[in-house]
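Notes for the one structure printed next.
Quick note: the coordinates plus some simple rules give every number you see, no bench work behind them. As the structure is a prediction and not an experimental result, all values here were calculated from the model. When we count neighbours, we look across all protein chains shown, and the Cβ atoms used for this are built from the backbone with ideal geometry, even at glycine.
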Amino acid sequence: MTSGIYAAYLRRLGIGDPGVPSAEGLFALQRAHLERVPYENLDIQLGRAPGLDPELSVRRFAAGRGGYCFHLNGGLAALLDHLGYDVTRHVGGVYKESEAEAAERGEGGDHLALTVRVEGAEYYVDAGLGDGPYEPLPLREGSYGQGAFTYSLERLAAGGWIYRHPGSSAPIVTFRPEPAATADFEAEHVRLSTSEDSGFVRAFAALRRDADGIDALRGRVLSRTDPVNGTTERVLDGPEEFYAVLEGVFGRELDDLTPADRAALWTRVALAHEAWLETRRG
């Protein structure tokens, strides 16, 4: 991959000169990634899920797109490699709080997690959770506060690590200790991006993290979680507001969408919203 596409990627992140590998530089890269490259499944909703090739993810991010964990952490890992960081990719899994027992066995495969070694320390790096840590976490057991949010890391008895953030969309994440390659995620990516029982196929979502809180768009419901106001939410009125929010709040460029794409996505989102309202009425 040419250095030019990485320069475009760094411009998307708002980083001019990333400098030599350092803990400070690593933290800045994760913060910028969470703020400027949204967690989103727009293309999956349109039935054209992008592949996992890290080069493709890098090019998509440079062009203003987002993705989900396999894309976000895959592209970030490629950028970190390019910048000279010592990066390891790991097979991981995301679990509900009710699945804690299964999580502790560390058998999941629906997440790509990263660890990075720099300046004599090792960090858990994750830009692929949507509402996860704003900055890397030291890869050692303990509880870590970042603003109003608290995260923890523990070693798994079977090897690897377990991350906890109760109340989030990814309350438990595990990852195995051994290195992984892109091919290790291909089968799960196909399932998550095409199967009717996948949450990515069933419902639209976009999330972004900043220093103060979390923005989330799930279907037509836009929410903001921060320490001052707690969680506030509102229902978007129509397609114009929906697409304005995607661009303005989440920074997702929409120049790849045709009028037919926009109509199809809004119809899908609106129907899913009505179905969700019916379940609440019931």
- When TRP276, TRP161 are ordered from fewest to most other Cβ atoms inside 10 Å of their Cβ, what list results? TRP276, TRP161
- Task: Mind jotting down the distance between the C-alpha centroids of the stretch 73-127 and the stretch 26-49, whole Å?
- Result: 16
- Message: Helix 3-13 against the longest principal axis of the chain: what's the angle in degrees, Cα atoms only, rounded to the nearest 10?
- Response: 70
- Item | Kirkwood hydrodynamic radius over Cα pairs of the stretch 10-153, then Stokes diffusion coefficient at 20 °C and 1.002 mPa s, in µm²/s | 135
- In a Debye calculation with equal point scatterers on the alpha-carbon sites of the stretch 188-281 and no solvent, what is log10 I(q)/I(0) at q = 0.20, 0.22 Å⁻¹? -1.13, -1.27
- Query: Quick one: Debye curve from the C-alpha atoms of the stretch 125-267, no solvent, what's log10 I(q)/I(0) at q = 0.09, 0.10, 0.17 Å⁻¹?
  - Reply: -0.36, -0.45, -1.15
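Determine, from the Cβ-Cβ distance of GLU240 and GLU99 and an R0 of 35 Å, the FRET efficiency 1/(1 + (r/R0)^6), rounded to the nearest 0.05. Write down the numbers at each step before the final one.
Details: r = 39 Å, r/R0 = 1.12.
Computed FRET efficiency for GLU240 and GLU99: 0.35.
So what's the projected area for the chain, the Cα convex hull averaged over all directions, in nm²?
On the way: hull surface 59.4 nm².
The orientation-averaged projected area of the Cα hull of the chain comes to 14.8 nm².
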- Which angle from 0 to 90°, rounded to the nearest 10, does the C-alpha axis of helix 69-83 make with the longest principal axis of the chain? 40
- Note on the structure: Applied in sequence order to the stretch 56-67, the curve 6.51 cos²θ - 1.76 cosθ + 1.60 (Karplus, θ = phi - 60°) yields integer Hz couplings, x standing for Gly and Pro, of 4, 4, 4, 5, 5, 5, 4, 8, x, 8, x, x
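Could you tell me which trypsin sites (Lys or Arg not before Pro) in the stretch 6-62 are loop residues by DSSP with no more than 14 other beta carbons within 10 angstrom of their beta carbon? Write down the numbers at each step before the final one.
On the way: sites: ARG11, ARG12, ARG31, ARG36, ARG48, ARG59, ARG60; in loops: ARG48.
Passing both the DSSP loop test and the Cβ count: ARG48.
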- Compute the long axis of helix 239-248 from its Cα atoms, compare it with the longest principal axis of the Cα atoms of the chain, and write down the angle in degrees, 0 to 90, nearest 10. 20
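Which net charge results when you count Lys and Arg as +1 and Asp and Glu as -1 among the other residues whose beta-carbon is under 12 Å from that of GLY108? Please report the intermediate quantities before stating the final value.
On the way: positive: LYS96, ARG105, ARG176; negative: GLU99, GLU104, GLU107, ASP110, GLU188.
Computed value for this residue: -2.
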- Which whole-number percent is the relative contact order of the chain (Cα, under 8 Å, 6+ apart)? 19
- Message: Could you work out how much longer the chain between ASP53 and SER143 gets when fully extended? Use 0.36 nm per residue separation minus the Cα distance between them, nm to one decimal.
- Response: 29.0 nm
- Item | Potential lengthening between LEU254 and ALA275 on full extension [0.36 nm per residue; Cα-Cα distance subtracted] | 4.9 nm
- Query: Of LEU257, LEU46, LEU222, which is the most mobile in a GNM of the chain whose springs link Cα atoms less than 10 angstrom apart?
  - Reply: LEU257
